[in-house]
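Structure first, then comments.
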Amino acid sequence: GNVLALDIGGTKIAAAMVAQDGTLSERQQIATPHGDAAGLAGALEKLITPWRNRVDLIAVASTGIISQGRLTALNPRNLGGLSGFPLQDCLRAVADLPNVVLNDGQAAAWAEYQAVQETCDNALFVTVSTGVGGGIIWNRKLLTGRNGLAGHIGHTAFDPQGGLCGCGRRGCVESVASGTAIGHAMMENARPLGAEQVFERARAGNGDAQRVISRSAAAVASMLADMHISLDLDVVMMGGSVGLAEGYREKVAHALNQLPAIYRVALRSAHHRQDSGLIGAALWARATL
Ligand code: ADP
């Protein structure tokens, strides 16, 4: 049967139909509402209603901590401060279909792992997007955790003297490396830029923009080195609009190469590009329902 897959990010919500063979069709995308629980519930209802008689399962990947069908933003700045949002109940109210919900980094890790699994037992997915997230495959299994926390690697620390992260801790990788952080590091007319504009300026030769992106890449590389020395990873796969931006992976690889050899880990771009979360959620639904 067909799966309706959704991927709720800090910037966008993507939806598509995923067929049995993993092919994606009718992909659509809307901006993530940044208000409250009612805003998100309304957006989900609007997205799902046209599909509900055409699919057999619903699979949702979402940023934030997913535990017992509820969604809580780890960094409230990314998702309007949602706490205990009843995601699974909300899906059931719109469509009377079996559903699964899991964290977006975990979902993407599961999809990306299928592309490398012949050669890998332990793998990490990292997304550099509105925030920084991830998912861990350990001994060929996806780690979700009893509380849904596993893989939230963007909230490991990079700079103990750094600014406060939205999660409440100081100097998290996310607070230095995310698209949000990159954009906010440069101002124009007293307003922060977006990450795309910082990348454009860096390409045009702006030294400040280049330093902001290099610092982001250095923070991600340091985090990957910590994950590798903890887990003995076979490979790291990187996604997210920043992670996939031209030249970014090379910058992270360059920073990794400055470290002692034992910390260096193979780094690839996500095979499914922007669709890892959608595909992973669908695969997870089929594997677990
Ligand atoms: P989400 O976080 O909703 O999954 P994305 O992966 O698209 O969405 O990440 C959004 C972040 O990526 C924003 O901070 C945005 O400014 C930044 N971004 C989007 N496109 C680009 C690009 N082409 N180059 C660099 N940064 C980008």
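Brief remarks follow.
- Exposed GluC sites (Glu not before Pro) absent - longest run of the chain, DSSP non-H/G/I/E/B, at most 12 other C-beta within 10 Å: 119-245
- Loop sites in segment 77-146: trypsin sites (Lys or Arg not before Pro), DSSP, at most 15 other Cβ within 10 Å: ARG140, ARG146
- Our compactness index for the chain, the C-alpha radius of gyration over the empirical 2.2 N^0.38 Å, is 0.96.
- Restricted to Cα atoms, segment 58-163 shows a radius of gyration and a Dmax of 14.7, 49 angstrom.
- Between GLU196 and ARG268, the modelled label-to-label distance comes to 2.9 nm, taking each label 7 Å out from Cα in the direction of the beta carbon.
- Cα-projected label distance for LYS46 with THR288, points at 7 Å along beta-carbon direction, nm: 2.8
- Based on every Cα atom in segment 134-201, Rg and the maximum pairwise Cα distance Dmax equal 15.3, 50 Å.
- D_trans [Stokes-Einstein, Kirkwood Rh over alpha-carbon pairs] for segment 83-140, 25 °C, 0.890 mPa s, µm² s⁻¹: 186
- Rounded, prolate or oblate (a/c below 1.5 giving rounded, otherwise prolate when a/b exceeds b/c) for segment 100-216 by Cα gyration tensor: prolate
- The chain, accessible area per residue, ligands and nucleic acids excluded (1.4 Å, Å²): 45
- Folded to 0 to 90 degrees: helix 37-48 orientation relative to the chain principal axis, Cα: 60
- Pairwise Cα inverse-distance average, inverted: Kirkwood Rh of segment 172-272 (Å): 13.9
- Per residue, the convex hull spanned by the Cα atoms of segment 1-125 measures out at 109 cubic angstrom.
The values are calculated or read from the model by the stated rules, or taken from the named source; none is laboratory data. This one's a predicted model, so the numbers in the text were calculated from it and none came from an experiment. Note that each Cβ is placed from the backbone with ideal geometry, even for glycine, and that neighbours are counted across all protein chains shown. The protein model used for the area step is the full one, side chains on, heavy atoms only, and it has no ligands, DNA or RNA in it. Shrake-Rupley method; radii C 1.70, N 1.55, O 1.52, S 1.80 Å.
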